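Before we start, here is the structure in question, set down as structure tokens.
The values are calculated or read from the model by the stated rules, or taken from the named source; none is laboratory data. None of these values were measured; they are calculated from a predicted model. Here the Cβ positions follow ideal geometry from the backbone for every residue, glycine too, while neighbour counts run over all protein chains shown.
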Amino acid sequence: MNFSIEADHWECSPSPRAVRNARWKRTLDALLILLALPFLIPLALLVALLIRSRSRGPVLFQQERVGHLGRRFMCLKFRTMFADTNPKTHQGHLQHLMSSNTPMMKMDSQGDPRIIPFGVLLRASGLDELPQLINVLRGEMSLVGPRPCLPYEYEKYLPWQRERFGTLPGLTGLWQVSGKNKTTFVEMIQLDIRYAKNKTLWWDLKIILMTVPALVIQMLEARPARQSYPDPVHPKASYSNGASTAYSFAPAPLVGALQASHDDAARVRKETKLNL
């Protein structure tokens, strides 16, 4: 898809269908969640057990996000990173994406050492966002809409970019099914504004259906990226009374160098033994 269009070229006037009656959105969210509960509850329990078995710390993670009309709320997710990781790493990465014309690639593709085992799979499949169904039932989010952004991200938005907050944030959206990691920050904003101004019942249903193949493609793309990097995170201590502890982080290149050094030493020992 070609997204090389300036923001003021978008059709920004709200569709009559979008402003006529928004109750259909709340009804659609509740109905689909109710129908999917028999499948979602066991799936959520399996994800929780997987996280508990692979990493110490709380299963759920909550973070303040900015939603409809700039309102803040606590967004729920399954925890996919080690506890007490430094958020400034992600903040710097996000600021780079906002100020550059580069695709919105996550740090996962670079071998992020903060992610727990199986965390990349949970994130690529969207399973880490299952607890956000609670946010949907609370009315803080919808199944379809722009992603809820972080407060420091919101503060850097230009006035025209804040038009994306004219609708509830969602678990999936037009951006997610239109290229996502292959689009730039400005292109994401343009897609979000287009949806916020023209959302309809049929468009929500279409986006929900398109989300399934989009997630499959995302998981296939995340798999080789994960295999390219060894697991560099090694816990140094355990938890005590719910308190978190520090973790040591070994960069992937260092791990490779240590492995190569070990292999060389083994080869020298073997050659020496043969000469004797």
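What pairs can you find where one residue is in the stretch 29-41 and under 13 Å from Ser142 (Cβ atoms), the other is of a type in the set (A, V, I, L, M, F, W, C) and modelled with pLDDT of 95 or more, and their Cβ atoms are less than 7 Å apart, with a gap of 6+ or different chains?
Going by the 7 Å Cβ cut-off, the qualifying pairs are Asp29/Val136; Asp29/Leu143; Leu32/Leu143; Ile33/Leu133; Ile33/Val136; Ile33/Leu137.
Can you tell which of Ile208, Ile189 is at pLDDT 95 or above and either closer than 26 Å to Glu64 by Cβ or in contact with a Phe, Trp or Tyr (Cβ under 6 Å, 6 or more places away or on another chain) (or both)? Steps first, please.
On the way: Ile208 fails: either closer than 26 Å to Glu64 by Cβ or in contact with a Phe, Trp or Tyr (Cβ under 6 Å, 6 or more places away or on another chain) (or both).
Exactly one residue qualifies, and that residue is Ile189.
Now for a separate question. Within the stretch 110-148, which residues are in a helix (DSSP H, G or I), surrounded by fewer than 18 Cβ atoms within 10 Å (Cβ to Cβ) and of a type in the set (Gly, Ala, Ser)?
Ser125
Can you find a residue that is part of a helix (DSSP H, G or I) and under 15 Å from the mean Cα position of the chain (by Cα) anywhere in the stretch 158-173?
Checked the stretch 158-173: no residue is part of a helix (DSSP H, G or I) and under 15 Å from the mean Cα position of the chain (by Cα).
Turning to a different aspect of this structure: Would you be able to say whether some residue in the stretch 42-60 is of a type in the set (Ser, Thr, Tyr) and surrounded by fewer than 21 Cβ atoms within 10 Å (Cβ to Cβ)? Working first, answer last.
Taking the stretch 42-60 and keeping what is of a type in the set (Ser, Thr, Tyr), we get 53, 55.
Then drop every residue that is not surrounded by fewer than 21 Cβ atoms within 10 Å (Cβ to Cβ), which leaves 53.
Looking for residues that are of a type in the set (Ser, Thr, Tyr) and surrounded by fewer than 21 Cβ atoms within 10 Å (Cβ to Cβ), one finds at least one in the stretch 42-60, hence yes.
For Lys197, only one of the following conditions fails: (1) assigned to a helix (DSSP H, G or I); (2) within 17 Å of Leu94 (Cβ to Cβ). What is its number?
Against the list (1) assigned to a helix (DSSP H, G or I); (2) within 17 Å of Leu94 (Cβ to Cβ), Lys197 comes up short only on (2).
While we're on this one: Could you list, in sequence order, all residues of the stretch 208-222 that are over 21 Å from Met105 (Cα atoms) and surrounded by 13 or more Cβ atoms within 10 Å (Cβ to Cβ)?
Selection gives Ile208 alone.
Now for a different question. Against the conditions (1) among the β-branched types (Val, Ile, Thr); (2) surrounded by 12 or more Cβ atoms within 10 Å (Cβ to Cβ); (3) more than 16 Å from the chain's Cα centre (by Cα), where does Thr27 fall short? Just the number, please.
Tallying (1) among the β-branched types (Val, Ile, Thr); (2) surrounded by 12 or more Cβ atoms within 10 Å (Cβ to Cβ); (3) more than 16 Å from the chain's Cα centre (by Cα), Thr27 fails exactly one: (2).
Just the residues that are among the hydroxyl-bearing types (Ser, Thr, Tyr) and in contact with a helix residue (DSSP H, G or I) (Cβ under 6 Å, 6 or more places away or on another chain), please, taken from the stretch 98-137.
Listed by number, the residues that qualify are Ser109, Ser125.
In the stretch 61-79, which residues are in contact with a Leu (Cβ under 9 Å, 6 or more places away or on another chain) and surrounded by 16 or more Cβ atoms within 10 Å (Cβ to Cβ)?
Passing the criteria: Phe61, Arg65, Val66, Gly67, His68, Leu76, Lys77, Phe78, Arg79.
Let me ask something additional. Restrict the check to the stretch 50-66 and report whether at least one residue is at pLDDT below 95, of a type in the set (D, E, K, R) and assigned to a helix (DSSP H, G or I).
yes
Here's something else I'd like to know. Among the residues of the stretch 232-253, are any closer than 17 Å to Met105 by Cβ and at pLDDT below 50?
Yes, because at least one residue in the stretch 232-253 is closer than 17 Å to Met105 by Cβ and at pLDDT below 50.
Same structure again: State whether the residues of the stretch 98-109 include one that is more than 18 Å from Asn181 (Cβ to Cβ), of a type outside the set (D, E, K, R) and over 15 Å from the mean Cα position of the chain (by Cα).
Looking through the stretch 98-109, none of the residues is more than 18 Å from Asn181 (Cβ to Cβ), of a type outside the set (D, E, K, R) and over 15 Å from the mean Cα position of the chain (by Cα).
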